[in-house]
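Contents: one structure, followed by commentary.
Bear in mind that the values in this text are calculations on the coordinates, not laboratory data. All values reported here derive from a predicted model rather than from experimental measurement. Cβ coordinates were reconstructed from backbone atoms using ideal geometry, including for glycine residues, and neighbour counts include every protein chain displayed.
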Amino acid sequence: MTIEQLTVFVENKQGRLSKITNLLAAEKIDLRALSIADTQEFGILRLIVNDAARALEVLRENGMLVQITEVLCVKLPDRPGALSEVLEALDGEGINVEYLYAFLSQATPDAAYDVVRVADNAAAAAVLKKAKLA
Amino acid sequence: MSQYYQKEIETMPQEQIRALQSEKLVRQVRHVYDHVPYYRDLMDKKGVKPSDIHGIEDLSKLPFLSKSDLRETYPYGMLAVPLSDCVRIHSTSGTTGKRVIAYYTQHDIDLWEDCCARAIVAAGGTKEDVVQVCYGYGLFTGGSGLHGGSHKLGSLTLPMSSGNTDRQIQFMMDLRSTILCCTPSYAAYLGESLKERGYKPEDNALRAGIFGAEPWTEEMRRDIETSLGIKAYDIYGLTETSGPGVAFECEEQHGMHINEDHFIAEIIDPDTGEVLPEGEKGELVFTSLDKEAFPLLRYRTRDICVLSRKPCSCGRTHVRMSKPMGRSDDMMIIRGVNVFPSQIEAVLLNEGYAPNYLIEVDRVKNTDTLDVYVELAPEQFSDTVGAISAREKALADAIKTMLGINPKVHLVAPRTIARSEGKAVRVVDKRKLHD
């Protein structure tokens, strides 16, 4: 399945990240997962939240550079090698992974979730379905 | 003991210089009026005829010229002789829409090279010297000017052009260069590079350096003199007036003698155009006196400086100009290249960015740095680092194509560059260029 990821541009300056988390906290928006890609100049914050549309609105109103990106979310059994199988399947079909990060959920203690960014979500989903991995 | 290249002219009493200038001015004005319709129109509009100009006391009757006039008349509008009489062009480091082309007859080249030869002799040069010219060759006037001057003097000329520091050092050491001609920042860089390679200042054979094409301070002069073990001389010029050598320093190192037999210098108030008395700070204006192809009357340089007619111990009688102390426009000189903020803005707009930007210029280890901060629009944002880095690179490449120098581009979040009331602050120049 695909989920909505919040993507926020963060300049490498003190206090930028906490400003974002404070704004979301004030709106009672819950963070499910988070990942940051950083360069010397800037960072890209990727968030999975409980209400992406509301979070987008709040951050935009506060002048943030933010967008919603549809990303693939893969539910994996919590066992060694599970992620490798997914990546091998994608590799085998020549699907390039731009980035990925994982999170756990209390609701499903025996599973992990992987957010996988690929160019074509539908194609990747089809590959995983075919390999009986999703 | 001072040496001169053309002693009679360089030490001519000031009254005689005035008389010579008056005589030449009358002829130069007639030449321009007869052959440059654009300037004839300016004179007609002002109600001035060549017959109104009897000598330098009438100079202020003439209209000014500025860079915009030269752009407007691009490419041939200021040419005062048939193109077939010209033997060469040079061009400013500007770019599309900003370029100024200067034309030269053989006579014009000769005068220019004489000026450069005077500068080399004033720096102690003789025909025994080995002159290493590492100004850029090509459209830029730096290389050709000093090269020509060195030839005239009969010195051995090394036409190195700019860059390739390893080769510069190899030739400097193996061929025992005695005079170095380049930008002051490159001289400083060569000094550091020699040190890094384990050379001491006394290991090279250099005695003097003639450095120009960009602003530099007394502090920088001392650094260069120490690191290279030389005496460092300043030289001034601009493509519009021929190139380097319009003015040059003597052993006094206290102001640059303007070659007054070829140019009249005035200092004006940049706002009113009023001519200011000697010793007052203002914009430098040049009138050429004996150019054939590209004569310019009352050309505004936009450089702010001071003139002095006080006697100089070197024996030269020509008026001295201070180092430029600033500009009356927003042009910056970065790594020897003339840069206008509007050029960078044009690239940003062309590449689809909003004109919200900040240009930061600094000098790190004697090399100019150019940082451009640009706001990223929401539709230009991406969730991958690669896409944003690729944007930065594409923009840096576009600016490099426009200016010829490499900037560092920083994409920043929207509305993070300060908006100011009225005139926006687009440029922060952190260099200490003026004492």
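Things to note:
- Residue ID - nearest to B:Leu238 (Cα to Cα), chosen from residues in the range B:268-307 that are among the aliphatic types (A, V, I, L, M) and surrounded by fewer than 21 Cβ atoms within 10 Å (Cβ to Cβ): B:Ile304
- Every residue from the range B:141-175 that is in contact (Cβ under 8 Å) with a residue 60 or more places away in the chain and closer than 16 Å to B:Ser242 by Cα: B:Thr141, B:Gly142, B:Ser144, B:Gly145, B:Leu146, B:Gly149
- Single residue of B:Ile334, B:Ile344, B:Ile399, B:Ile405 found to be of a type outside the set (Phe, Trp, Tyr) and in contact with a Lys or Arg (Cβ under 6 Å, 6 or more places away or on another chain): B:Ile405
- Test for A:Phe9: is it in contact (Cβ under 8 Å) with a residue 40 or more places away in the chain, farther than 27 Å from B:Val412 by Cα and aromatic (Phe, Trp, Tyr): no
- Taking (1) away from chain B (no Cβ under 14 Å); (2) more than 17 Å from the chain's Cα centre (by Cα); (3) at negative phi in turn, A:Arg16 satisfies each apart from (1).
- Complete set of residues in the range A:48-68 that are crowded, with 17+ Cβ neighbours inside 10 Å and either under 19 Å from A:Lys13 (Cα atoms) or facing another protein chain (nearest Cβ under 8 Å) (or both): A:Leu59, A:Met64, A:Leu65, A:Val66, A:Gln67
- Pairs are defined by a Cβ separation below 8 Å, a sequence spacing of at least 6 or placement on different chains, a first member in the range B:183-197 that is surrounded by 16 or more Cβ atoms within 10 Å (Cβ to Cβ), and a second member that is among the acidic types (Asp, Glu); the pairs so defined are B:Thr183/B:Glu214; B:Pro184/B:Glu214; B:Ser185/B:Glu214; B:Ser185/B:Asp368; B:Ala188/B:Asp223; B:Gly191/B:Asp223; B:Leu194/B:Asp203.
- Of the strands (runs of 3 or more DSSP E) entirely within the range B:357-432, those holding at least 1 residues that are within 14 Å of another protein chain (Cβ to nearest Cβ) and of a type outside the set (Phe, Trp, Tyr) occupy B:357-364, B:367-375, B:408-412.
- The single condition among (1) crowded, with 20+ Cβ neighbours inside 10 Å; (2) of a type in the set (Phe, Trp, Tyr); (3) in contact with a Phe, Trp or Tyr (Cβ under 9 Å, 6 or more places away or on another chain) that B:Phe140 does not satisfy is (3).
- When the range B:325-336 is filtered for residues that are part of a strand (DSSP E or B) and within 20 Å of B:Tyr357 (Cα to Cα), the ones remaining, listed by number, are B:Met332, B:Ile333, B:Ile334.
- Residue in the range A:69-102 that is farthest from the other protein chains (Cβ to nearest Cβ), counting only those that are surrounded by 13 or more Cβ atoms within 10 Å (Cβ to Cβ) and among the small types (Gly, Ala, Ser): A:Ala82
- Residues in the range B:198-240 that are free of Cβ contacts under 8 Å to residues at least 12 places away in the same chain, at positive phi and in contact with a strand residue (DSSP E or B) (Cβ under 8 Å, 6 or more places away or on another chain): there are none.
- Members of the range B:290-306 that are in contact (Cβ under 8 Å) with a residue 60 or more places away in the chain and either over 20 Å from the mean Cα position of the chain (by Cα) or part of a loop (DSSP other than H, G, I, E, B) (or both): B:Asp290, B:Lys291, B:Glu292, B:Ala293, B:Phe294, B:Pro295, B:Leu296, B:Leu297, B:Arg298
- Selection from the range B:178-237 of residues that are assigned to a strand (DSSP E or B) and basic (Lys, Arg): B:Lys231
- The set of residues in the range B:256-289 being of a type in the set (Val, Ile, Thr) and assigned to a loop (DSSP other than H, G, I, E, B) consists of B:Thr272 alone.
- Scanning the range A:1-13 for residues that are of a type outside the set (Asp, Glu) and either within 12 Å of another protein chain (Cβ to nearest Cβ) or over 12 Å from the mean Cα position of the chain (by Cα) (or both) gives A:Met1, A:Gln5, A:Leu6, A:Thr7, A:Val8, A:Phe9, A:Val10, A:Asn12, A:Lys13.
- Residue count for the range A:103-126, restricted to those that are charged (D, E, K, R) and surrounded by fewer than 16 Cβ atoms within 10 Å (Cβ to Cβ): 2.
- Considering the range A:19-47, the residues that are among the small types (Gly, Ala, Ser) and touching a residue at least 40 places away in the same chain (Cβ under 8 Å) include one that is farthest from the other protein chains (Cβ to nearest Cβ), namely A:Ala33.
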